[in-house]
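**Student:** First, the structure itself, so that you have it in front of you.
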Amino acid sequence: MMRRAESSDTSGRKTRSSSLSSLQPIDSSPFSRASSPWLVWGSILLMWLVSMLPWRLLPFAPDLLMLVLAFWAVHEPRRVPMSLAFIVGILVDVHDGSLLGEHALTYILVVYGALLLRKRILNFGMWTHFLHMAVVMLLAQLIVRVLHAWLVGEWSGWEWAGGALLTAALWPLADSVLFLPQRRLDESDSGSS
């Protein structure tokens, strides 16, 4: 229930004013503008090229492409649809010679989890981002590994969990690196005014 405040004017009459009239506009300076599409798509393309390097096949190697897809799904959801995660995942599957759709399913699940938890993740600090994304990445990898074990008939072990945790642990680094061009642009804008 909204109360109306009463005040007296110069003639002594009481006037009513709404409590909404005392509201002040929100300072929008802490809200950043949208990231450049060149930055989003360029970083995804770069990580896709990096994912073709042979070190990625090591047991505890982080999946940097999955990290960048999840990061941009949280921060720029309109620029990273699940169809992009599917296409990039199929390309990685073809390159690796793994079961077709294995990485695609992993990337789709991670992007879906990031989109689902997006509003919640953005309300917390950097380390809470890491914890949320660690759970999302572990669950996505677990689902894919169980499906792989069912289709192939053998369990591949638990080494993948270390890689998923290492990928999630790189979230603060991804945040500082991927937002660096935007922070520099914001600093140059504030310095010129």
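Bear in mind these aren't lab numbers, they're just calculated from the coordinates by the rules spelled out. Being a predicted model, the structure only gives us computed values, none of them experimental. Positions of Cβ are backbone-derived with ideal geometry, glycine not excepted, and every protein chain shown enters the neighbour counts.
**Student:** In whole angstrom, how far apart do the alpha carbon centroids of region 146-182 and region 81-96 sit?
**Tutor:** With region 146-182 and region 81-96 each reduced to a Cα centre, they are spaced 15 Å.
**Student:** Arranged from highest to lowest average of other beta-carbon atoms within 10 Å per residue, in what order do the peptides 36-45, 162-171, 138-147 appear?
**Tutor:** 162-171, 138-147, 36-45
**Student:** So if each residue of separation counts as 0.36 nm, and I subtract the Cα-Cα distance between residue 120 and residue 34, what length gain in nm does that give?
**Tutor:** 29.1 nm
**Student:** What FRET efficiency do you get for residue 182 and residue 156 if R0 is 41 Å and r is their Cβ-Cβ distance, rounded to the nearest 0.05?
**Tutor:** Approximately 0.60, to the nearest 0.05.
**Student:** With an 8 Å Cα cut-off and a minimum separation of 6 or more residues, compute the relative contact order for region 37-96 in percent.
**Tutor:** 35 percent
**Student:** Provide the net charge surrounding residue 62, with neighbours chosen by a C-beta distance below 13 Å and charges set as Lys +1, Arg +1, Asp -1, Glu -1. Each step should come with its number before you reach the end.
**Tutor:** On the way: positive: 56; negative: 63, 159.
That sum, taken over residues with Cβ under 13 Å, equals -1.
**Student:** Then there is this: Order these peptides, 86-95, 109-118, by their mean beta-carbon neighbour count within 10 angstrom, highest first.
**Tutor:** My ranking of the peptides, most packed first, is 109-118, 86-95.
**Student:** Using a Förster distance of 41 angstrom, determine the FRET efficiency expected from the C-beta separation of residue 99 and residue 131, and round it to 0.05.
**Tutor:** Computed FRET efficiency for residue 99 and residue 131 comes out at 0.85.
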